[in-house]
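The values are calculated or read from the model by the stated rules, or taken from the named source; none is laboratory data. Bear in mind the structure is a predicted one, so any value in this text is a computation, not a measurement. Glycine gets a Cβ as well: all are built from the backbone with ideal geometry, and neighbour counts include every protein chain shown. Only protein heavy atoms, including side chains, enter the accessible area calculation; ligands, DNA and RNA are left aside. Shrake-Rupley method; radii C 1.70, N 1.55, O 1.52, S 1.80 Å.
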Amino acid sequence: MKIRVFFDSNLESIPFNYPYQLCGLFHHWLGKNDLHGKISLYSLGWLKGETEIRNHALQFPNGAFWDIGIFNTGISEKLVRGLLLKDFEFHGMKIRRVDRLPAPSFEKGKHRFLAGSPVLLRKVENDGSRTHLIYDDPESSEAMDRVIHKKAEEAGFEPGKELAMRFDETFRNPKTKLVDIKGIKNRASVCPVIAEGSPEALEFLWTVGAGELTGVGFGSLDHTARMRAS
């Protein structure tokens, strides 16, 4: 399930590192839970809307919206109850409305997804350190597959093991973003993702996101289209 939360315009400036603050808002609405430290079977996007930069901060003069995907129905229902009933403060923004997003009409085959937030991939080196993998790294496809298969295993979702993923190498303007999460800088990719699998597996991916740390604002996906066979 995915929901879209619409906000009024902000009354206070929003810092560039706001995505992690959205994670705090998510858990505030959800209330007491045991999701911390577990594999994220949910994805938190970034704010979207007409954006202005003033005094080294962000402004959304016409409001913004935020996409949240959650695989577990019970958790998603608890979240909706919390966001409708609990007070919150996010730089002066108030909720305008909340919509449930219908799943795209997935067909078996290859589908293209835009990165609703940067996709984070890492590999563990022999010394225990982690190296960031970006869109043009030959190991990125294997890393994406590994993460989504681990999520499918955690969810007990057999069709998810069928998924095969890669960055769209035909995209003309791939880039990376250095995202600060509690003082740790993560290099993540802003590039569309191509995924192939069953309709059920593709909907799972659309919901839980691609790559690591989807629960703190990485890897949210927006479906664009089924790709024609070449």
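For the range 45-60, indicate whether the set of residues that are within 23 Å of VAL147 (Cα to Cα), of a type outside the set (Asp, Glu), within 20 Å of the chain's Cα centre (by Cα) and not in a loop (DSSP other than H, G, I, E, B) is non-empty. No. Each residue in the range 1-28 was checked for being among the small types (Gly, Ala, Ser) and surrounded by 16 or more Cβ atoms within 10 Å (Cβ to Cβ), and 1 of them qualify. Here LYS38 clears all of (1) within 17 Å of the chain's Cα centre (by Cα); (2) at pLDDT below 95; (3) surrounded by 14 or more Cβ atoms within 10 Å (Cβ to Cβ) except the condition numbered (3).
How many residues are in a helix (DSSP H, G or I), surrounded by fewer than 22 Cβ atoms within 10 Å (Cβ to Cβ) and not small (Gly, Ala, Ser) if we restrict to the range 63-82? Adding up the residues that qualify gives 6.
Looking across the range 117-126 at every residue that is in contact (Cβ under 8 Å) with a residue 12 or more places away in the chain and out of contact with any Phe, Trp or Tyr (no Cβ under 7 Å at 6 or more places or on another chain), the one that is surrounded by the fewest Cβ atoms within 10 Å (Cβ to Cβ) is identified as LYS123. When the residues of the range 42-62 are filtered to those that are touching a residue at least 24 places away in the same chain (Cβ under 8 Å) and hydrophobic (A, V, I, L, M, F, W, C), the one that is most open to solvent (accessible area, probe 1.4 Å) is TRP46. In a residue-by-residue description of the range 58-68, the property of being closer than 19 Å to LEU213 by Cβ and at pLDDT below 95 applies to no position.
Residue-by-condition table, conditions (1) touching a helix residue (DSSP H, G or I) at 6+ places or on another chain (Cβ under 8 Å); (2) in contact (Cβ under 8 Å) with a residue 24 or more places away in the chain:
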{"position": "GLU142", "(1), (2)": "no, no"}
{"position": "VAL147", "(1), (2)": "no, yes"}
{"position": "PRO159", "(1), (2)": "yes, yes"}
{"position": "VAL179", "(1), (2)": "yes, yes"}
{"position": "LYS185", "(1), (2)": "no, no"}
{"position": "VAL193", "(1), (2)": "yes, yes"}
{"position": "GLY197", "(1), (2)": "yes, yes"}
{"position": "GLU200", "(1), (2)": "yes, yes"}
